[in-house]
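Only one structure is covered here, and it is reproduced in the block below.
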Amino acid sequence: METLLRFFAIFKNFFVFLLLEILGLMLYFSYNSYQHGKYLNASNVVAGKLYGIRNEITGYMDLNNQNWDLARENASLKSQLYAANKALEYFREDSTYAIRRKIAEKNNYSFMSARVVNATFTKAHNYLTLDKGSNEGVRPLMGVVSQAGVVGIVSSVSEHFSLVIPVLNVSSQISVKVKNKSQTGTLVWKGDDYRYATLQEIPSYIPIAKGDSIVTSGYSSIFPEGIFVGKIGKYGRGKDQVLSIDVNLGPDFSKLVYVDIIDFKNAEEMKKLEKEGSLNE
């Protein structure tokens, strides 16, 4: 404090001069209109430059936020473009999409398209992983088909993916029939060639021929009746007066890319009714 007082005592004349100078300038500019106008113009120029500098600084500092906004918008546009390209790719690959959708609506079921993201076809217990899950409405025991025929049945789901037990699995059993015939049988796979499955339980007196179509029987809440499975290849008489029939499968499981997950609209009603019937037995 003593040092500060000594400083002011030494430079008191300078501070008095500075104060008088400022007071004089204020009086000069206040009572002379010309000088007052010049002063205002000069102050406006200085203020404008200061505001401009401030805006440049704040604008530069806001660039980071703007860049984040642009990055998010760019990511959103890329996602939309990716989805559109996937849809276009699907329609290029699947020329029967519109026809199958009409058939689906007529037979009281709907389907959603999915992409195969992982698959095996050379093991005894093969599987497929699809890029649709519970968030898209996929549930266990939904049928899965491709444009070439039956693929398999959904076994479990997560939020974004679903696991499918395909026809090419030794535990798979699907109720099928020869097209335009009432007798049904079971389609199984014996773990051999991925191109063929075996149709069992067809009596030997049923007239069949090589090339006849095999379709779903409709005797379940998973697949509606009449969905293509494959065509009869070799066949012969097996045990117990039944035929042993090789079925050339429609889908090529080594090249599956897109499939349809079936939502059979009457499935829950059918299950409920069958459950009530079993309780009454």
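The values are calculated or read from the model by the stated rules, or taken from the named source; none is laboratory data. On a predicted model such as this, the values are computed, not experimentally measured, just so you know. Cβ atoms come from the backbone with ideal geometry, glycine included; neighbour counts cover every protein chain shown. SASA here: full protein model, heavy atoms, side chains in, ligands and nucleic acids out. Shrake-Rupley method; radii C 1.70, N 1.55, O 1.52, S 1.80 Å.
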Is it fair to say Gly226 is out of contact with any Leu (no Cβ under 9 Å at 6 or more places or on another chain), modelled with pLDDT of 85 or more and in a loop (DSSP other than H, G, I, E, B)?
-> yes
Could you list, in sequence order, all residues of segment 161-189 that are free of Cβ contacts under 8 Å to residues at least 12 places away in the same chain and not hydroxyl-bearing (Ser, Thr, Tyr)?
-> Asn180
Please indicate, with yes or no, whether at least one residue in segment 136-147 is part of a loop (DSSP other than H, G, I, E, B), open to solvent by 50 Å² or more (accessible area, probe 1.4 Å) and either polar (S, T, N, Q) or at positive phi (or both).
-> yes
Got a number for residues in segment 198-254 being surrounded by 22 or more Cβ atoms within 10 Å (Cβ to Cβ) and among the charged types (D, E, K, R)?
-> 0
Somewhere in segment 259-273, is a residue surrounded by 15 or more Cβ atoms within 10 Å (Cβ to Cβ), modelled with pLDDT under 85 and aliphatic (A, V, I, L, M)?
-> yes
